[in-house]
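Worksheet: one structure, shown below.
The values are calculated or read from the model by the stated rules, or taken from the named source; none is laboratory data. Not measured: the values here are computed from a predicted model. Because the Cβ atoms are built from the backbone with ideal geometry, glycine has one as well, and the counts that use them run over all protein chains shown. When the accessible area is computed, the model is the full protein with side chains, heavy atoms only, and any ligands, DNA or RNA have been set aside. Shrake-Rupley method; radii C 1.70, N 1.55, O 1.52, S 1.80 Å.
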Amino acid sequence: MTTRPPIAMLAELTHRCPLSCPYCSNPLELARVDQELDTGTWKSVFRQAAELGVLQLHLSGGEPASRRDLVELVQAARDAGLYTNLITSGIGLSERRLGELDAAGLDHIQLSLQGTDAAMADQIGGYSGGFKRKMQVAAWIGAIGFPLTLNAVLHRRNLHQLPQAIDMAVEMGARRIEVATVQFHGWALKNRDTLMPTREQAREADAIVRDARLRLKGTLVIDYVPADYHSDYPKRCMGGWGTTGLNVTPEGKVLPCHAAETIPHLVFENVKDQPLAEIWYEGAAFQAYRGTDWMQEPCRSCERKTVDFGGCRCQAMAIVGDANATDPVCIKSPRHGALQALAEAHASAEGKELVYRSAPGKPIPETVG
Amino acid sequence: MITEQDVPYLPRGVRIHRDTVRDAWVLLAPERAITLDAIAHAILTEIDGARSFGEITAALAARYNAPVEDIAKDSAGFLGALRDRRFLEVQP
């Protein structure tokens, strides 16, 4: 099979972040500030990405506003011809800095939402005053006129706020909301007992989204990531491994997905050592799960094998212990029943505390209780 | 449904881009890149935020020597789909 150029690149500019969300998608081993790529290297990566065929650049983190050179990096991305999206909690953005980002040509902002009120949002984000600040930033974003997507991350503790989150998106003038049920990778794996939604919550969210899509057609676009463990078929992870997108870590490692480092046998190339195009087309980690040749049964003979590509490799690794296995979310996986039992057990666990993400260079907390 | 009097425009954050790697025109929007065929590209490049949908379809019909009803029907379907995704707006 011929490999096509990627469409999207996620640039994790930094792992530093003022928030410490317990479902952070960053790896447990966080990059320190002195390990981060410098401004010039990021600029070169953006130019290489555009030449490779990337159209959409997502500047993420950690909190990308923690990078002092953010405006310069946005300017460089636009100069390279990339559609530039900032994925942010809003913390670290002042009115003046937003004005500079506007002048630099930033195309779009995706603002995360940890809860629809200060009590919930500040508890989940682990940052007092964060919600109030975020609302201020949302008002500035609206005044400048940036296209806005609200990214509501939902789990057992805040799924009841989904209707308010949708209302908030409309009130803020967002054109789009991502209703993202927490996916269990990275830090979220430490918090399944507190964050796993119940099956009833998952089905209720399905219904709320279905209704809101009809009601708000032409006003608000709703992209929905359902509760994975309570689904019958797995997600088409990354649109297919090594087909659509790539991810560059703060230190410059190039990954096929943000969680790929949890697959222990994969080796990742670095933009400091190799051209981005060479890594995309020839890198061993990208080749590992491209196409369908790597599949086992029941994937190999499955009619859905090019629909979802066997689901998430990192989830197969984390739960089945074999990255080549069928994602256990799949109803055809021999481990599907066990996964459902696991989901049930996590969803009914009581009395556990949230384990917050730590800061780069700080010890990784153990799961308690 | 878009009417003859509506004045369509591409809102901020939605733009036409020449993809030199794939040798194609694409419409870039939040989290989306839509490949434009020749017809879609022709329609979108007529949209300037000043002329009405009726004027645009008349211009396209004249340029391509095609019945204006056919052009209007195809264009309305395409622009309606973009509008549903908030990739196209009409002047208030």
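Values for this structure:
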quantity	calculated
Highest-fluctuation residue, B:Glu69, B:Glu46, B:Glu31 considered, GNM on chain B with Cα pairs under 10 Å	B:Glu31
In the range A:1-80, GluC sites (Glu not before Pro) in a DSSP loop with at most 11 other beta-carbon atoms within 10 Å	A:Glu29
Per-residue ³J(HN,Hα) for the range A:315-331, Karplus 6.51 cos²θ - 1.76 cosθ + 1.60, θ = phi - 60°, Hz, x for Gly and Pro	6, 4, 5, 5, 9, 8, x, 9, 5, 8, 6, 5, 3, x, 4, 5, 4
For the range A:8-13, Karplus couplings with θ = phi - 60° (6.51, -1.76, 1.60), whole Hz, Gly/Pro x	10, 10, 9, 9, 7, 5
³J(HN,Hα) computed for each position of the range B:56-63 - Karplus, 6.51 cos²θ - 1.76 cosθ + 1.60, integer Hz, glycine/proline x	5, 5, 5, 5, 5, 4, 5, 5
Low-density loop cleavage sites - trypsin sites (Lys or Arg not before Pro) in the range A:1-88, where at most 14 other Cβ are within 10 Å (DSSP)	A:Arg68
The range A:210-333, dipole about Cα centre (Lys/Arg Cβ +1, Asp/Glu Cβ -1), debye to the nearest 20	580 debye
Heavy-atom accessible surface of the range B:12-84: percent carbon and sulfur, 1.4 Å	54 percent
Distance between modelled label sites at B:Arg12 and B:Val68, nm, 7 Å Cα→Cβ extension	3.5 nm
Net lengthening on full extension, A:Thr219/A:Thr41 (0.36 nm per residue, minus Cα-Cα)	60.1 nm
Neighbour-limited loop hits for GluC sites (Glu not before Pro), the range A:306-361 (at most 16 other Cβ within 10 Å; DSSP other than H, G, I, E, B)	A:Glu350, A:Glu353
Gap separating the Cα centres of the range B:4-70 and the range A:328-342, nearest whole Å	46 Å
Chain A, dipole about Cα centre (Lys/Arg Cβ +1, Asp/Glu Cβ -1), debye to the nearest 20	480 debye
Whole-Å distance, taken between Cα centres, linking the range A:129-144 and the range A:169-244	23 Å
Antiparallel DSSP beta bridges within the protein assembly as shown, as percent of all bridges there, nearest 5	30 percent
Accessible solvent surface per residue of the range B:36-92, calculated while the other protein chains remain in place, 1.4 angstrom probe, Å²	52 Å²
